[in-house]
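See structure below.
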Amino acid sequence: MLPEPRSAAAQSPLRLVLDTEALNANWRALKALSGGAKAGAAVKADAYGLGVRAVVPALREAGCEDFFVAHWIEVAPVAALVPATSIAVLHGPLTSADAQFARASGVRPVINSLAQARLWIESGGGPCDFMVDTGINRLGVPMSELGDETIASLDIDVLHSHLACADEDSPMNPLQLARWKEARNHVRHGRASLANSAGIVLGTEYHGDLTRPGLSLYGGVPRGELVGVIRQVARPMAAVMQVRQIESGESVGYNATFTARNLMRIGTVAIGYADGYLRCWSDRGTMFAGGKQVPVIGRVSMDMTMVDLTAVPAVGEGDWLEIAYDLPEASRVSGLSQYELLTSLGQRFSR
Ligand SMILES: *Cc1c(COP(=O)(O)O)cnc(C)c1O
């Protein structure tokens with residue numbers, strides 16, 4: 001057996017700096033834009049990759065009282081931070097074990113089908129949420145099944161639907177709005193909810209009693225109305241591990257996609273595609289050294305990325321660079337969606 005290293009905890013050369021003040025401000029801005037409705041928060045996928053342990057307490061402090069996860073395994077880490085009754089599970093129960101778990105933990109399942117409604121009632125029932133599918137054709141009870149008597153016996157807190165095209169000006173938006181309104185007349189419920197981040201700025205009619213922003217809490221800007229309102233929350237940082245000089249004509253990285261045209265000073269940075277800094281950033285990404293921009297050169301590899309440090313002679317080994325990761329801009333440059341940019345950030349960051 002190897003001896004256990006005693007007090008020395010390994011340090012990551014990767015950090016994800018979370019601006020909790022921007023997170024707080026984003027939630028409050030989305031709450032204000034939600035008018036008379038309350039604003040909840042989608043914290044599925046470990047708060048879009050940023051980490052529920054930091055995100056959920058910050059949102060709770062801002063005033064958030066409704067949290068949404070997708071999977072049952074996401075409940076425990078969130079329930080350690082907020083009351084179970086403030087959590088709903090969007091996927092609903094797939095098995096009777098899921099229904100039992102919901103009952104035991106006190107969280108609300110979102111019922112998405114007649115089969116889930118029966119599973120929930122057979123397990124003893126109790127408060128739940130309900131998702132009606134108004135056109136996304138993904139999860140949720142179709143409009144044609146709303147008259148089923150199983151639904152009448154559910155104890156529904158929030159009646160949800162979800163918009164397919166809220167980030168565009170699409171005829172789908174008013175169509176889904178009309179169907180959601182109709183569903184509200186047919187299904188007995190406490191509160192009603194339709195809008196994700198983008199849906200919030202479609203207008204008052206879309207607000208109901210509760211909105212469910214996710215992306216924009218974390219700095220995403222899905223519609224023009226949110227430009228200048230939403231602030232960047234996540235700032236990935238990585239350390240320079242090695243600096244070298246290369247001559248004109250020498251190449252950098254796998255497949256030698258970059259060739260120096262003059263004497264250059266290049267840095268090898270401890271971030272790669274295994275950290276979610278995907279290969280689409282090759283020869284295209286930017287990092288910040290102090291206030292100065294330095295370009296990514298050559299292919300991003302699994303654990304490292306090279307940058308041109310010629311213009312910043314003071315930056316050396318051990319220094320930290322901030323990765324340019326303003327979500328709308330990073331999405332435009334990389335071709336990745338703002339959602340993918342957040343949720344692909346890997347496990348090696350210290351958060
Ligand atoms: C993920 C999700 C949200 C949040 O959507 P954003 O576009 O990230 O704001 C809201 N509602 C449901 C049902 C979701 O699955």
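The values are calculated or read from the model by the stated rules, or taken from the named source; none is laboratory data. Worth saying up front: this structure is predicted, and the values here are computed from it rather than measured. Methodologically, a virtual Cβ is constructed for each residue, glycine included, from the backbone with ideal geometry; neighbour enumeration extends over all protein chains shown. Heavy atoms of the whole protein, side chains included, go into the accessibility calculation; ligands, DNA and RNA do not. Shrake-Rupley method; radii C 1.70, N 1.55, O 1.52, S 1.80 Å.
The mean sequence distance of close C-alpha pairs (under 8 Å, at least 6 residues apart), as a share of the length of segment 46-114, puts its relative contact order at 28 percent. Would you work out the relative contact order for the chain, in percent, from Cα pairs under 8 angstrom that are 6 or more residues apart? Once divided by the residue count of the chain, the mean separation gives 17 percent.
Overall, the anisotropy analysis places segment 1-96 in the oblate class: the square-rooted eigenvalues a ≥ b ≥ c of its C-alpha gyration tensor yield a/c not less than 1.5, with a/b not exceeding b/c.
Return the carbon/sulfur percentage of the accessible area of the chain, one whole number, probe 1.4 Å, all protein chains in place. That share works out to 51 percent. With θ taken as phi - 60° and the Karplus curve 6.51 cos²θ - 1.76 cosθ + 1.60 applied, the whole-hertz 3J(HN,Hα) list for segment 128-142 is 8, 9, 9, 10, 9, 8, 9, x, 7, 6, 10, 10, x, 7, x Hz, x standing for glycine and proline. Where does the charge balance sit around ALA178 when Lys and Arg score +1, Asp and Glu -1, over other residues with C-beta under 15 Å from its C-beta? Result for the local shell: 0.
Any idea what the relative contact order of segment 143-195 is, in percent, if you count C-alpha pairs under 8 Å spaced at least 6 apart? Across segment 143-195, relative contact order equals 54 percent. Mean residue ellipticity at 222 nm, helices only, the chain: -7000 deg cm²/dmol; runs of at least 4 DSSP H residues each add -39,500 (n - 2.57), and the sum is divided by the number of residues.
When the square roots of the Cα gyration tensor eigenvalues are ordered a ≥ b ≥ c, the ratio a/c for the chain is 1.5 or more and a/b exceeds b/c, which makes its shape prolate. Classify segment 225-275 as rounded, prolate or oblate, taking a ≥ b ≥ c as the square roots of the eigenvalues of its Cα gyration tensor: rounded when a/c is under 1.5, otherwise prolate if a/b is larger than b/c and oblate if not. Because a/c hits 1.5 or more and a/b exceeds b/c, segment 225-275 counts as prolate. Reducing segment 49-84 and segment 201-219 to their Cα centroids gives an inter-centroid distance of 18 Å. Looking at segment 49-153, the trypsin sites (Lys or Arg not before Pro) that sit in a DSSP loop and have at most 11 other Cβ atoms within 10 Å of their own Cβ are ARG138.
Under the combined filter of DSSP loop state and at most 10 neighbouring Cβ atoms within 10 Å, segment 218-302 retains these trypsin sites (Lys or Arg not before Pro): ARG261. Compared with the rule-of-thumb size 2.2 N^0.38 Å for a compact globular protein, segment 196-351 has a Cα radius of gyration ratio of 1.21. Dividing the alpha-carbon radius of gyration of segment 133-232 by the rule-of-thumb value 2.2 N^0.38 Å gives 1.13. In loop segments of segment 111-190 as defined by DSSP, the GluC sites (Glu not before Pro) with at most 15 further C-beta atoms inside 10 Å of their C-beta are GLU168.
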